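Participant: Provided herewith is a single structure, encoded as structure tokens, for subsequent inquiry.
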Amino acid sequence: MPAPPRLFDRVLHRKRLDRAAPGFANADFLQRRAAYDVAERLGPILRTFSLAVDLSARSGAFAQALAAEAPGRVDTLIEADLSHRMLAGRPGLRLAADEERLPFADGSLDLMVSTLGLHWTNDVVGALIQIRRALKPDGLFIGAFLGGTTLTELRQSLVAAESEILGGAGSRVSPFADAQDAANLLQRAGFVQPVSDVDTVTVRYEHPLKLLTDLRQMGETSVLADRHPKPLTRTLLHRTFEIYAERFGGEDGRVPATFEILTLTGWAPAATPAR
């Protein structure tokens with residue numbers, strides 16, 4: 001099998017997460033929203049999961065949401081994250097782990113969740129296959145990641161500013177999966193009963209610079225492996241902000257930023273009865 005294209009610099013991504021860890025709580029609103037949504041989905045499932053893993057645990061939002069929305073549904077939770085600094089300073093089972101190379105034995109887990117981390121993997125289907133293999137038969141996966149319309153305003157403004165100043169535009173904002181293809185990702189990875197949902201969140205900022213500050217504190221700034229050949233200069237950034245305000249600004253002077261959260265639910269196939 002040919003190796004998947006290298007879209008993202010995973011080493012740089014880990015460094016960005018390490019950098020963001022001390023101030024992550026100042027911009028964790030998307031993580032918490034996704035984590036509570038995932039936890040709420042466990043409520044109607046009349047089942048207790050003995051061993052669960054929270055990939056992309058960051059500062060522990062899912063563990064908190066689980067205690068609030070679905071208490072008693074998980075006996076043992078392991079929090080995993082690419083960044084060991086995100087896991088520091090709190091009790092419980094914690095593990096620094098790469099979503100692209102999961103360290104779990106086949107058929108060892110009852111539940112695996114991931115909140116806003118899988119969109120940084122170079123091979124999403126490959127990561128989902130590893131997750132499915134780590135689950136026991138009839139094990140459950142629920143994952144939330146950022147979808148295609150995320151940061152559409154910023155993307156359009158950057159392209160317009162670059163075309164105007166540089167005479168052409170390159171890629172500075174990471175690509176995201178299309179909502180229409182979300183359930184197909186689970187099917188390709190071998191999950192059954194796949195379900196996908198879309199949650200569109202619009203955040204309004206006083207200035208686009210505050211959006212960039214939040215992205216930095218989230219550890220969500222671009223880590224494209226094929227970096228843009230020209231630096232993001234002050235002139236280019238200033239023009240981007242002007243276009244952002246001109247095209248998308250409201251009467252109150254604030255600008256919107258769209259985040260699309262795709263949530264996928266799938267089950268590992270049940271064991272085949274012996275003949």
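The values are calculated or read from the model by the stated rules, or taken from the named source; none is laboratory data. Note that the structure is predicted; figures quoted are calculated from it, not measured. A quick note on method: Cβ atoms are made from the backbone with ideal geometry, for glycine too, and the neighbour counts reach across all protein chains shown. Side chains are part of the model used for accessible areas, which takes the heavy atoms of the whole protein and leaves out ligands, DNA and RNA. Shrake-Rupley method; radii C 1.70, N 1.55, O 1.52, S 1.80 Å.
Participant: Relative to the longest principal Cα axis of the chain, at what angle does helix 234-248 sit, 0 to 90 degrees, rounded to 10?
Facilitator: Once rounded, one gets 80 degrees.
Participant: For the pair Ala96 and Thr233, what calculated FRET efficiency results from E = 1/(1 + (r/R0)^6), where r is the Cβ-Cβ distance and R0 = 30 Å, to the nearest 0.05?
Facilitator: The pair Thr233/Ala96 has a calculated efficiency of 0.25.
Participant: Stretched out fully, how many nm does the piece from Asn184 to Leu12 gain, at 0.36 nm a residue minus the Cα gap?
Facilitator: Taking Asn184 through Leu12 to full extension adds about 59.0 nm, to one decimal.
Participant: Find the centroid of the Cα atoms in region 1-58 and in region 125-169, then give the distance between the two in whole Å.
Facilitator: 13 Å
Participant: Determine ³J(HN,Hα), in whole Hz, for all residues of region 54-71 in sequence, where each value follows from phi through the Karplus function 6.51 cos²θ - 1.76 cosθ + 1.60 and θ = phi - 60°; x replaces Gly and Pro.
Facilitator: These are the phi-based 3J(HN,Hα) values: 9, 6, 6, 5, 6, 8, x, 5, 5, 4, 5, 5, 4, 5, 8, 9, 9, x Hz.
Participant: OK, next. Using a probe of 1.4 angstrom, how much of the accessible area of the chain is carbon and sulfur, in percent? Let's see the in-between values first.
Facilitator: Values: 6820 of 13040 Å².
Carbon-and-sulfur percentage of accessible area, whole number: 52.
Participant: Which whole-number percentage describes the relative contact order of the chain, with Cα contacts under 8 Å and a sequence gap of 6 or more?
Facilitator: Relative contact order of the chain: 24 percent.
Participant: Still on this structure, I have one more. How much area per residue is accessible in region 97-253 when the probe is 1.4 Å and only protein heavy atoms are counted (Å²)?
Facilitator: Value for region 97-253: 46 Å² per residue.
Participant: Quick one, which of (1) 62, 43, 37; (2) 68, 42, 31; (3) 66, 48, 36 is the actual Cα extents along the principal axes in Å calculated for this model?
Facilitator: Recomputing Cα extents along the principal axes in Å here gives the entry labelled (2).
Participant: Okay, next question. Pop out the ³J(HN,Hα) list for region 83-98 in order, Karplus 6.51 cos²θ - 1.76 cosθ + 1.60 with θ = phi - 60°, rounded to Hz; leave Gly and Pro as x.
Facilitator: With the stated coefficients, region 83-98 comes to 9, 5, 5, 5, 8, 6, x, 9, x, x, 7, 9, 8, 6, 8, 8 Hz.
Participant: Okay, moving on. With r defined as the distance between the Cβ atoms of Asp199 and Glu164 and R0 fixed at 25 Å, what FRET efficiency is calculated, to the nearest 0.05?
Facilitator: 0.15
Participant: Let me know the charge dipole size of the chain about its Cα centre in debye, to the nearest 20, where only the beta-carbon of Lys, Arg (+1) and Asp, Glu (-1) is charged.
Facilitator: Using Cβ point charges on Lys, Arg, Asp and Glu, the chain gives about 700 debye.
Participant: While we're on this one: With unit charges on the beta carbons (Lys and Arg positive, Asp and Glu negative) and the dipole taken about the Cα centre of region 8-50, which residue among Thr48, Asn26, Phe8 sits farthest to the positive side?
Facilitator: The residue sitting farthest along the positive end of the dipole is Phe8.
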